[in-house]
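Only one structure is covered here, and it is reproduced in the block below.
Only the coordinates and a few stated rules stand behind these numbers; no lab work does. If you're wondering where the values come from, they're calculated on a predicted model, not measured in any experiment. Because the Cβ atoms are built from the backbone with ideal geometry, glycine has one as well, and the counts that use them run over all protein chains shown.
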Amino acid sequence: MFVEPWTPGHAPVASEYQPAPVLGGACVRSPFWDGLGQLLTAHPLGGCPMGDDGVVDDLGAVHEYPGLFVIDGSIVPTALARNPSATIGALAERSAFHQIHGRDVTAAELVAHA
C-alpha cells in the first residue's frame with residue numbers, strides 16, 4: 001500500500017509499500033534512482049509478439065480468440081530503436097482505426113489530417 005503521494009524528486013522507499021501477501025513479493029528501490037537520482041521507465045517489448053507464429057496478428061488481434069486485442073508495446077517482437085514510443089503509438093492508432101472502420105487508413109486520409 002502506498003503511504004504518501006509521490007512527489008517529484010522523491011523515490012518511495014520499500015517500507016512505503018506492502019506487496020500483495022499472496023504473491024510473496026518484495027519491493028526494492030530502483031538502482032537507477034539510487035545511482036542517478038532520477039526515475040527510469042522501460043518499454044517492455046515482446047511479451048505478445050506480432051506475427052504468423054506469434055500471439056497476435058498485424059492489427060493486434062489475438063490468434064484464435066475473436067474480439068480480443070493486445071495493443072501495446074508487448075506486440076513489438078523486439079527492440080526496434082532507442083525509443084519505441086512512436087512505433088507503439090502508430091500500431092495502436094492503426095489497430096483502432098481498423099476496429100472502427102473495418103479497413104486500413106489510406107495515404108490520402110493521412111495527408112488530409114496532417
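For a label point 7 angstrom out from the Cα of His63 toward its Cβ, which stretches of the range 76-109 have the backbone nitrogen within less than 18 Å?
Residues passing the 18 Å test: 76-78.
Considering every pair of different Cα atoms, what Kirkwood radius, in Å, is found for the range 42-114?
12.9
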